[in-house]
Structures are given as structure tokens and as C-alpha cells.
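**Q** For reference, the structure I am asking about is given below.
Just so you know, all these numbers are worked out from the coordinates, no wet-lab data involved. Please read these numbers as outputs of a predicted model, since none were measured by experiment. Cβ placement follows ideal geometry from the backbone for every residue including glycine, while neighbour counts extend to all protein chains displayed.
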Amino acid sequence: MKKTQTPKVEILKTDYLANIEAMPLTVDAGGENIPGQLYLANASRFVEGNFSEPLTTYGLGWNDEDDLQGLLAFIAPDVPVTRRFEFGKMTNAEIFLSETDDLRGIGADFKRVYYTSDKQVAQTINKGLTYRVDRDNIDEENQPDWERRVTARLVNRIRRNDIRRSFALLSAAATNVAKTWSDGATDKDPDSDLDEIIDLFGDGAGMEANRLLVGRTAWRHRRKGYGIQSTSAGFNHSGNSDELGTELGVTILISKARFQNAATTKAKITTATLVNAYRAEANALPDDPSSIKRFVTNSGGSGIRVFRQELGLKFIDITVEHYSNIIVTSTLGLRQLTVS
């Protein structure tokens, strides 16, 4: 008996592709997808697929001996915001206005005054670094923590980058004066010079500076200048930065961290001969008065995120990213000393 064959139905490739193109595509929302339904690729799914929570946790808690995190927070404290945000420039002349005609006559209204504000819109910038590792160059048996070591190096590097940006902005906006502290003259008093720029900042901004960033060489010049004097200033000056800060009413940080500025040389991460007087506040809001802020967007609830991506059989990429935008929110009163 002859077997009847079912005729084959040939679907042309062009028809198949045309059918796919005609199908409505839904954006992949990250869950509860229907089997058999085509979805548009969601970039966030790819990103989250390579997100490393253990390395992110390690990176957030990492700090080296130079305390780069502390130095960055001292120069430009973090202010959490959304990616696109609004902040207030510290143009505060109106806050300090005063008059003598605020007396109200019978049947008259009080004098009417107005306050204007300078609101500006900005956006945090995505920054980060990637390090690629060849599996043949690592000893996973004897160095099981190699991924954390790479993460720590990348975190330090991105912190140095933002420290340099912050300091460059702060220094460029300040009024600079040169002072000589380290020669043999007996008529100098470095602490009086520091007190003067704090006072001058107050004249310009309406409130005195609360932070002094002192370069390592400038601090050494201060000590040398007092050490060679046989005067009351030479004998009675404050011995350390905490004592001096209490005396002047500011917080003082002596910047000692370094970075590789050329193939064979290193340099201080902030200019070593400079002293900067400014105002900054921890836990500030976008509109709080201060000289400089580092606006950050905490993506996924953290300041940085670390990703681990395997590429083929041999390569692994470790990426550290963050969102920040460093802004001098007010140039009022900013003072700087160049010390020799």
C-alpha cells in the first residue's frame, strides 16, 4: 500500500522576517514576561546582569591610608540629588540688607520688600573606569581576592579624579595673595594671615569661612617661619592643626595625598603651597549656602556601582561608575594664599 506523504510547507525566510517585523514589540520591563512574546531589549537588564553587589559593597567601604574619601568630602561635600536637579547659587546680598525706614505710620502698610533667587538647573555626569584582566595573568588560587584589589584601585583612582576637579574649581574661583613665611624675617605671623583671609571671606560672603585647606608645603613653611623666630609669636603659636582650628574657629585639613603626574614623578594632589579659605557643609541641601558642592546621584542606593563582565573565555572587565557634578555654588569671599 502506497504511503501518502504530507506535502511540505516551505516558509520563505523573507516572509518569516516580515512576520517578525510586523509583530508588536513590548519593552522588557524586567519581570513577568509572557513566553513566546518578543520584547525589545532593555539596556538596564544587561547592566544589572553584570552588577556585582559584593564588589560594590567592598568599594563603598574601601578607604586607603591617604583617606581620599575624607579629603574629597572636605573639599566638596556630597549633596544627593536626582540626575537632573535644581540648585541655588549663593548670591546672598539681599539676605544682609538693612534699612532704617521700617517704621509703620498709622493707617499705612509696612514697607514691602522682595527677595529674588538665582536658581540653576544642572545634571550629574556619569563617570567611571574599566580595567580588563586576562585570566592568564592572575593566580586565582593564591590570590582569591584579586577582584577586590582591582576594585580598590579603581575606586581610589576615581576619587583622585574628583579631588583634582574640586580643587581646581575652588582655586580658580578664589582671590589669591602671596605670602612669605619661611624666610628669616621676624615681623611675620602666618596665623594672622590665616585669620585675615577668614575675616575677608566673611566680608564677601556674609558669614566667615569654616574650612581651611592647607597644602603640605604651606604647613611646613608655617612651622619653619615660627621656628626661626625668637619673638612672642614664635613661642606662642598653636602647635597643631586642631589647636589652630579651634583658635581661628575653622576646621583645618592638611592635604598630604599624592598622585602620579608623569611617568616617573608624583605630585601633591592639591597644590602644596596653597591655603584656601571657603565655606562647606556636610549633609547640605541643594539650596544651603556654601562655596562648593559635589552633587551626586546614588544609583541603586549607593554612591558607586561595580560591574563584573566576563568576555569570552579569557577576559574579565571590572568597571566602577558613579554620577557626580562638582559646582562652585558661590564665589563670594573665596580667598587663597600662595605661601613661600
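**Q** Go ahead and collect, in residue order, the members of the range 267-310 whose backbone nitrogen is under 18 Å from a label point 7 Å along the Cα-Cβ direction of residue 168.
**A** Label zone hits: 267-274, 292-295.
**Q** Extending each Cα 7 Å along its Cβ direction at residue 238 and residue 119, get the distance between those two points in nm, one decimal.
**A** Going by the 7 Å Cα→Cβ label model, 4.0 nm.
**Q** Also, quick follow-up: Could you give the dipole magnitude of the range 199-340 about its Cα centre, charging the beta-carbon of Lys and Arg +1 and that of Asp and Glu -1, in debye to the nearest 20? Each step should come with its number before you reach the end.
**A** Working: 17 positive and 12 negative charges, 167 e Å.
With only Lys, Arg, Asp and Glu charged at Cβ, the dipole is about 800 debye.
**Q** Taking 0.36 nm per intervening residue step and subtracting the Cα-Cα distance, what contour gain separates residue 282 from residue 139 on full extension?
**A** Values: separation 143, 0.36 × 143 = 51.48 nm, distance 4.21 nm.
That pair, residue 282 and residue 139, stretches by 47.3 nm at full extension.
**Q** Stretched out fully, how many nm does the piece from residue 57 to residue 264 gain, at 0.36 nm a residue minus the Cα gap?
**A** Details: separation 207, 0.36 × 207 = 74.52 nm, distance 3.34 nm.
The span from residue 57 to residue 264 would gain 71.2 nm if fully extended.
**Q** Counting other C-beta atoms within 10 Å, which of 323, 58, 114 has the fewest, and how do the rest follow? Intermediate results must be reported in sequence, preceding the final value.
**A** Numbers: 323 21, 58 18, 114 5.
The fewest-first ordering by Cβ neighbours comes to 114, 58, 323.
**Q** Using a 10 Å cut-off around each Cβ, can you sort 308, 211 from fewest to most neighbouring Cβ atoms? Show your work: numbers first, answer last.
**A** Numbers: 308 18, 211 23.
Listed from fewest to most nearby Cβ atoms, that is 308, 211.
**Q** Work out how much length residue 109 to residue 161 would gain on full extension: take 0.36 nm times their residue separation and subtract the Cα-Cα distance, in nm to one decimal. Don't jump to the answer; show the numbers that get you there.
**A** On the way: separation 52, 0.36 × 52 = 18.72 nm, distance 5.58 nm.
Additional length available on full extension: 13.1 nm.
**Q** Something else now. Modelled label-to-label distance, residue 224 and residue 176, 7 Å Cα→beta-carbon offset: nm?
**A** 2.0
**Q** Taking a 25 Å limit on the Cα-Cα distance, which of the listed pairs 256/293; 89/268; 188/293 fall beyond it?
**A** Numbers: 256/293 21 Å; 89/268 30 Å; 188/293 34 Å.
Beyond 25 Å between Cα atoms: 89/268; 188/293.
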